[in-house]
Amino acid sequence: MVRASIGTLTVLGLRDIRMDAAPTTAYLMIGGRCASDCAYCGQGRNVVGDHSRLSRISWPEVDEDQLIAAFAAHPGAFQRVCFQTTASRGVFRQLLSLVPRISQASGLPVSVSYRVTRDEEAEQLLDAGVERIGIAIDCCSERLYPTIRGGTLADAESLVGSLSERYPGRITTHLIIGLGEDEMEAAELMLEMRHAGVLVSLFAFTPVQGTQMEHASPPLLLAYRKLQFLLGLLDQEDEECFHVAYDATNRIYSFGLSEARMRSFLKRHFVFVTHGCLGCNRPFYTEVPGGTMFNFPSMPSEKARGVIDQFIRDLKADGFEFAERQNSEG
């Protein structure tokens, strides 16, 4: 059996639910109970109760052949297929078997989130038809990494960086904002990953019932917005055009840009949408419909100006510096 997000199954005609926004990527999951025990993940081995969720999304089981037939019957329904995996027995073998079938049935590029540990595994996945391999770092803080994620951040960075060097343009990592890191830790890791040629997918922490962090809070929206803005600058601008500066509490207080330049950039590049592989919109993956929108699934043209205005107002209230800067202490 394979699991698929409830939105994916709805687009494929295998479920019928009301959706405020349809997924533009088909999200699939394989693997049983995860051998890892990340403090924030609903798939961890020590999670109490329901294991059917990843973040806010439910992932019903679906027969593999039924799924293949549904993809073939719905050409053009998606822009990409993305596999999530758990650390469980047989997952890699199942990926090598299922990826070519899904790729052929859908005709779509395939991303796989799998913790590759050897170059041979990466080569086998790419040979099977995978376009991008995602290795989740998740936690941006070295001081928190051992207890929240397990292992060390340095080892995770080294793994992702070395794979990106060997397979340029094919490696993605996931960063979750709101696990207790400060803004500088997150920003510096983002900068390092982009310097290494790694595509960064940005997530907002969502508390999941039954996990160790079920009572923790999502990130502050302003902190998340600043990191989205930085990621947008890295996507669109030469780094010589801006400078990141931090205050004594490690908060970002300047990008070395004037208010006018920031507004102009945001009007041209509305960076508060989902950030991931091309074609990924993850609708309401980390949001409650009607609640705080960390990641818009698409550019809300009728709301964009208001979102931008609110961001600038929040920056001003937080003491942010808009003056153009030639150099940065950060």
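FYI, it's all coordinate maths here, none of it is from the lab. The structure presented is a predicted model; accordingly, all values stated were derived computationally and were not measured. Virtual Cβ from ideal backbone geometry, glycine too; neighbours counted across all protein chains shown.
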Legend entry - Cα pair distances in segment 1-125, grouped into 5 Å bins until the bin that holds the longest one, percent each: 2, 11, 21, 24, 19, 14, 8, 2, 0
Legend entry - Cα-centred dipole magnitude for segment 2-317, charges only on beta-carbon of K, R (+1) and D, E (-1), debye, nearest 20: 760
Inset, instruction - Taking H placed 1.01 Å from N in the peptide plane, check which residues at least 5 places from Gln43 or on another chain put their amide H under 5 Å from its amide H. - result: none
Legend entry - Table column - 3J(HN,Hα) (Hz), segment 71-87, Karplus curve with 6.51, -1.76, 1.60, x for Gly and Pro: 4, 5, 7, 10, x, x, 6, 10, 9, 6, 10, 10, 9, 9, 9, 9, 7
Legend entry - For segment 137-192 versus segment 116-130, the gap between their alpha-carbon centres in whole angstrom: 20
Legend entry - Rounded tilt (10° steps) of 183-195 against the dominant C-alpha axis of the chain: 70
Legend entry - Computed log₁₀ I(q)/I(0) - Debye formula, equal Cα scatterers, no solvent, the chain, q 0.08, 0.09, 0.15 Å⁻¹: -0.37, -0.47, -1.34
Legend entry - Cut-off under 5 Å, modelled amide H: who pairs with Ser201 long-range: Thr173, His174, Leu175
Legend entry - Over segment 2-317, relative contact order from alpha-carbon pairs under 8 Å, at least 6 apart, %: 17
Inset, instruction - Search the structure for amide H atoms under 5 Å from the amide H of Gly134, placed 1.01 Å from N in the peptide plane, and list their residues when 5 or more places away or on another chain. - result: Val112, Ser113, Tyr114, Thr172
Inset, instruction - Enumerate the calculated ³J(HN,Hα) couplings along segment 149-162 in order (Karplus 6.51 cos²θ - 1.76 cosθ + 1.60, θ = phi - 60°), each rounded to whole Hz, writing x wherever the residue is Gly or Pro. - result: 10, x, x, 10, 5, 4, 5, 5, 4, 4, 4, 5, x, 5
Legend entry - J(HN,Hα) series, segment 273-286, from Karplus relation 6.51 cos²θ - 1.76 cosθ + 1.60, nearest Hz, glycine and proline x: 8, 3, 10, x, 5, 4, x, 9, 10, 5, x, 6, 5, 10
Inset, instruction - Could you line up Val81, Val91 from fewest to most neighbouring Cβ atoms inside 10 Å? - result: Val91, Val81
Legend entry - Angle in degrees between helix 221-236 and the longest Cα principal axis of the chain, rounded to the nearest 10: 80
